[in-house]
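As structure tokens, the structure follows; a few thoughts come after it.
The values are calculated or read from the model by the stated rules, or taken from the named source; none is laboratory data. Computed from a predicted model, the values in this text were never measured in an experiment. Virtual Cβ from ideal backbone geometry, glycine too; neighbours counted across all protein chains shown.
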Amino acid sequence: MIFKKQAELGDRNGVSYLNGKVQFQGVSLNVYSYLVDGVLIDSGAQSLHKFFEAFIDQADFDQVMLTHYHEDHTGCAAYIEKNKDVPIYLNQKTIASCAQPADYPLYRKLFWGKRKPFHAEAMPETFQSRTATWDVIDTPGHAYDHKAFLNRDTGQLFTGDLFVSERTKVVLAEEHVPDIIKSLERVLKYDFQDVFCSHAGFVGNGRSALERKRDNLLSLQQQVQELQKEGDSAEAIRNKLFPQKYPIIKFSGGEWDSLHIVTSIMREAQ
């Protein structure tokens, strides 16, 4: 199988980044690692290690903050542990699992590589970088250990996989839409300007974009609940609201599917 891999370096509003991309048979995935004020946010994917390791080697940072445990965000954490004398922070809920060999489906290993075990420290509620104070915000939904990071001094918010896109059409089986809505509402209580997403990159007018995503999910939640009251099954609701079949659904064997949006909302309503 031929996977096309590439990466792009850049800088936006004082934030340096590497955006790594993997393409295969109509499915294209990407992930960012950010560097700001001596903080590395997420480590990139093992499948793109030659790009992310070069970025890490040249980067000047004192600490690593991981938004969550997924392999596209933690794939080069073991390389950092081996080659840099800096602490790596992760939600305490997933420290133990990340210290073990990774266990996730084959298609994800093909896209993102196999994450090697690494050792992390428990994520604090706030932390100091070289010139700023940061808030660590609980943002579960995409993953149960998900965190977002806000630089109080600059108003820059790093949202991991909380945003990704304004209109959610497919999600992982583990995702929980009602929790994503609550997490969006939580971050919107903070004062921020710039938004840096781990897949969409820099998001212009970030607050408005997050508000639109929240509103879209609230509308979607209401539609699902109304159809549920009418007696529609989860599959019937999925077919009405998400008639398009995206390539990732078949490629992932259903781990990614619009159906998971529907079922997470239906479970919450019961």
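What the table shows:
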quantity: The one condition in (1) among the charged types (D, E, K, R); (2) over 20 Å from Gln156 (Cβ atoms); (3) surrounded by 14 or more Cβ atoms within 10 Å (Cβ to Cβ) that Arg186 fails to fulfil; calculated: (2)
quantity: Flag for Thr159 being surrounded by 15 or more Cβ atoms within 10 Å (Cβ to Cβ), in a loop (DSSP other than H, G, I, E, B) and at pLDDT 95 or above; calculated: no
quantity: Filter pass, Ser198 being of a type in the set (Ser, Thr, Tyr), within 28 Å of Ser28 (Cβ to Cβ), touching a Phe, Trp or Tyr at 6+ places or on another chain (Cβ under 7 Å) and modelled with pLDDT of 95 or more; calculated: yes
quantity: Condition met for Lys93 (in contact with a helix residue (DSSP H, G or I) (Cβ under 6 Å, 6 or more places away or on another chain), at pLDDT 95 or above and closer than 29 Å to Lys82 by Cα); calculated: no
quantity: Top-ranked residue of the stretch 98-123 - restricted to ones that are surrounded by fewer than 13 Cβ atoms within 10 Å (Cβ to Cβ) and within 19 Å of the chain's Cα centre (by Cα), ranked as modelled with the highest pLDDT; calculated: Ala122
quantity: Subset of the stretch 226-243 (residues that are outside any helix (DSSP H, G or I), free of Cβ contacts under 8 Å to residues at least 60 places away in the same chain and surrounded by 13 or more Cβ atoms within 10 Å (Cβ to Cβ)); calculated: Asp232
quantity: Boolean, Lys147 is modelled with pLDDT of 95 or more, not assigned by TED's automatic domain parsing to the domain that holds Val31 and not β-branched (Val, Ile, Thr); calculated: yes
